[in-house]
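To start, the structure itself, in structure tokens.
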Amino acid sequence: MSDPLLLGFVLLVAGIIAVPIATRLGLGSVLGYLIAGMCISPILALLHVDVMQLQHFAEFGVVIMLFLVGLELEPKVLWAMRGRLLGLGGGQVVGTVVLVAGVAMALGQTWQISLAIGCVLSLSSTAIVLQTLNEKGLLKSDGGQASFAVLLFQDIAVIPMLALLPILAVTEVASGADAHGAGTNFVDGLNGWQATLVTLAAIGAVVFGGNYLTRPLFRFVASAGLRELFTATALLIVTGIAVLMATVGLSPALGTFLAGVVLANSEYRHELESDIDPFRGLLLGLFFITVGAGINFTLLGENLATILCLTAGIMILKAVVLYGLGFAAKVPAGHRWLFALGLAQAGEFGFVLLSFTVGNGIIPKPIADQLLLVVALSMLLTPLLFIFFERVITPAYARGQEREPDTITEQSHIIIAGHGRVGGIVNQMLRRGGHNATVIDYSSRQLDLIRKFGMHGYFGDASRPDLLHAAGIMKAKLLIITIDDREQINTMVEYAQHNYPHLHVIARAVDRSHVYELWGRGCRDIIRETYDSSLRIGRSAYEALGCTKDQAARISAAFHRTDNAVMVETANAFDITLPMHENDAYIAKVLETVSANGAELETVIATILAEDKLDAQATP
């Protein structure tokens, strides 16, 4: 027992020391884990640890990560991505395979080896890219979404690659009994149509189980009232699907992603996310450590120039292909660089394919050993490319497309932070009443546009205290926050309420839970961005159902009064340090308040409808 404990202790110490230091230096957690792995590589060698076996275990972190990504996507969203999946993903894989194979053939390799090398190097690192994009808040950006589409297609492409690569075998071993030695599974002994049926049955089982079996299972487990059982059940689902997919020869990551998409609309979605996410983080951290520890420094030293040239060459080639695809797909210029640099590396599935191709006699082992170093080094350099994008590319495009913050020369008793869909209308209303507000917005295009209509604003980040001070916040009577970034809104509200208690703050809320976050930070004038639109839709719905305009307006007003009362009564029970599903006191208060106010609202609406019916009957 002492050996596994010692290994676990070494890994934990390395991660706990290296990652905070790397994060503090602005290098990111991924590079911290990679450096930790390189540092403890000699210790792992002394302990006779099989780093590759440890890496295969840690790859389960990628499986969990794709399950969580799937939970964030509804099927209709995934269907809407089909164009990018095929266009960007297919274009990247095919383009990279063709170009890499062409270069390998020019360097004297056979077409079979060259094509196999192209397949290996065409794949990028799902683990590193998604982890870094999430960490930096870039996954929802144009470049992040394009990157996700390519990564998803690559995970799908691994399946046909594993099926087709043995055809390229150039040795007698490949056509014999050991042809599948690197990846034995249930379908190996089946013919084509049997394997297809088994594969479809496995996918069908995942979809059916996700739709019809998980809810009864979670309800049964929840009846025990033990949180750890729910966590165990969540891991059971992910592990079971991974085993099923591996058994039929499919990618476990793809299978769990599909399960996540199926469960995206489940009421247990947020519980699943919160229970599984810690395992994802730990296993991905372990995976990155094993990548760093797996670098063969002896072989690297003997072939340093060759390995570095190959690594730089493949990353440049992939970046060129990706940039061209991003241009064709009209990805915005700045995000195009994120797309190109973020996916320029080879990926963890490259290790799998290299092992597979060596076992099948496709790629000779000396070449595969060098390619392993190329894959590992390219992954190691990826966090540095993200830093380069963040510190060089982003500021360059900001200077080119935007500009330095304006010097604010005019001050008003009203400050509007953000002049987009919401702030623009607010500003127009105030101007018609003779109030000239000081407008601060972070889009130079938006400001250039409003100037054409005779309005004026200042460019800059409205959440910066120095700009707010220059705008005269110390003397202002009203601060209206209409920017669309949730965290920036929270930051501004907290800063204004703490430093300028005399100031009346009106804040835009993204959704209902955001209202509670702002309330907990002291703001009392909060407007939900879709609330009034929803009231108008509800009013129109009543009119469409036969109510008069007066009826619908009175019902809408009654609902508004009740909902406001519920919000105020429940806001003080909400703990902003806890996620919604863990706010037990808040949930209890909501149930109590909604029950009382809901019954009262139903009575009011029934009275409104009854009064108007009586009026209609009394009319001659």
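The values are calculated or read from the model by the stated rules, or taken from the named source; none is laboratory data. Just so it is clear, the model here is predicted, and its values are computed rather than measured. Counting neighbours? That spans all protein chains shown, and the Cβs are built from the backbone with ideal geometry, glycine included. We work out accessible area using only protein heavy atoms, side chains counted, and drop any ligands, DNA or RNA first. Shrake-Rupley method; radii C 1.70, N 1.55, O 1.52, S 1.80 Å.
Annotations
- Filter result for residue 346 (under 27 Å from residue 37 (Cα atoms), part of a loop (DSSP other than H, G, I, E, B) and at pLDDT 85 or above): yes
- Of all residues in segment 327-350, those being among the aromatic types (Phe, Trp, Tyr) and surrounded by fewer than 24 Cβ atoms within 10 Å (Cβ to Cβ) number 1.
- Sole residue being at pLDDT 80 or above and farther than 12 Å from residue 290 by Cα, chosen from 20, 4: 20
- In segment 469-491, residue farthest from the chain's Cα centre (by Cα) [restricted to those that are under 16 Å from residue 515 (Cβ atoms) and not in a loop (DSSP other than H, G, I, E, B)]: 481
- Among residues of segment 580-597, those that are under 26 Å from residue 269 (Cα atoms) and either touching a helix residue (DSSP H, G or I) at 6+ places or on another chain (Cβ under 6 Å) or surrounded by 13 or more Cβ atoms within 10 Å (Cβ to Cβ) (or both), counted: 12
- Residues in segment 196-233 that are of a type in the set (Gly, Ala, Ser) and either closer than 17 Å to residue 67 by Cβ or surrounded by 18 or more Cβ atoms within 10 Å (Cβ to Cβ) (or both): 202, 205, 209, 210, 232.
- Test: residue 426 is modelled with pLDDT of 80 or more, under 30 Å from residue 477 (Cβ atoms) and part of a helix (DSSP H, G or I): yes
- Exactly one residue out of 339, 327, 288 is within 26 Å of residue 10 (Cα to Cα) and out of contact with any Pro (no Cβ under 9 Å at 6 or more places or on another chain): that is 288.
- Considering residues of segment 151-209 that are under 20 Å from residue 110 (Cα atoms) and touching a Phe, Trp or Tyr at 6+ places or on another chain (Cβ under 8 Å) only, the residue modelled with the highest pLDDT: 165
- Among residues of segment 581-597 that are of a type outside the set (Lys, Arg), those with a beta-carbon under 6 Å from a residue that is open to solvent by 60 Å² or more (accessible area, probe 1.4 Å) and modelled with pLDDT of 80 or more at least six positions away or on a different chain give the pairs 593/569.
- The residue list 305, 234, 246 contains one member that is without any contact (Cβ under 8 Å) to a residue 24 or more places away in the chain and of a type in the set (Gly, Ala, Ser), which is 305.
- Single condition residue 494 does not satisfy, out of (1) part of a loop (DSSP other than H, G, I, E, B); (2) open to solvent by 10 Å² or more (accessible area, probe 1.4 Å): (1)
- Count of residues meeting criterion [touching a residue at least 60 places away in the same chain (Cβ under 8 Å) and among the charged types (D, E, K, R)] in segment 78-127: 1
- Matching residues in segment 497-513 - criterion: being under 19 Å from residue 464 (Cα atoms) and either under 25 Å from the mean Cα position of the chain (by Cα) or open to solvent by less than 20 Å² (accessible area, probe 1.4 Å) (or both): 503, 505, 507, 508
- Restricting 113, 40, 128 to those that are part of a helix (DSSP H, G or I), over 30 Å from residue 168 (Cβ atoms), hydrophobic (A, V, I, L, M, F, W, C) and modelled with pLDDT of 80 or more reduces the list to 40.
- Residues (open to solvent by 40 Å² or more (accessible area, probe 1.4 Å), of a type outside the set (S, T, N, Q), in contact with a helix residue (DSSP H, G or I) (Cβ under 7 Å, 6 or more places away or on another chain) and under 26 Å from residue 130 (Cα atoms)) located in segment 22-59: 27, 33, 35, 38, 39
- Whichever residue in segment 514-541 is in a loop (DSSP other than H, G, I, E, B) and in contact (Cβ under 8 Å) with a residue 24 or more places away in the chain and, among such residues, is surrounded by the fewest Cβ atoms within 10 Å (Cβ to Cβ): 522
- In segment 352-368, the residues that are polar (S, T, N, Q) reach residues that are modelled with pLDDT of 80 or more with C-beta atoms within less than 8 angstrom, at least six apart or across chains, in these pairs: 357/116; 357/120; 357/363; 357/368.
- Among the residues listed as 263, 235, 229, the single one being closer than 30 Å to residue 160 by Cα and out of contact with any Leu (no Cβ under 9 Å at 6 or more places or on another chain): 235
- Among the residues listed as 455, 474, the single one being of a type in the set (A, V, I, L, M), surrounded by fewer than 15 Cβ atoms within 10 Å (Cβ to Cβ) and either more than 18 Å from residue 499 (Cα to Cα) or out of contact with any helix residue (DSSP H, G or I) (no Cβ under 8 Å at 6 or more places or on another chain) (or both): 474
- Elements of type helices (runs of 4 or more DSSP H) in segment 234-323, at least 3 residues being open to solvent by 60 Å² or more (accessible area, probe 1.4 Å): 269-293, 297-302
- Of all residues in segment 60-80, those being of a type in the set (A, V, I, L, M) and at pLDDT 75 or above number 4.
- Residues (touching a residue at least 24 places away in the same chain (Cβ under 8 Å) and either basic (Lys, Arg) or open to solvent by 10 Å² or more (accessible area, probe 1.4 Å) (or both)) located in segment 134-147: 135, 136, 138, 141, 142, 145
- Selected residue [β-branched (Val, Ile, Thr) and under 24 Å from residue 345 (Cβ atoms)] from 21, 17: 21
- Any hit, segment 333-348, residues being of a type in the set (S, T, N, Q) and more than 23 Å from residue 136 (Cβ to Cβ): no
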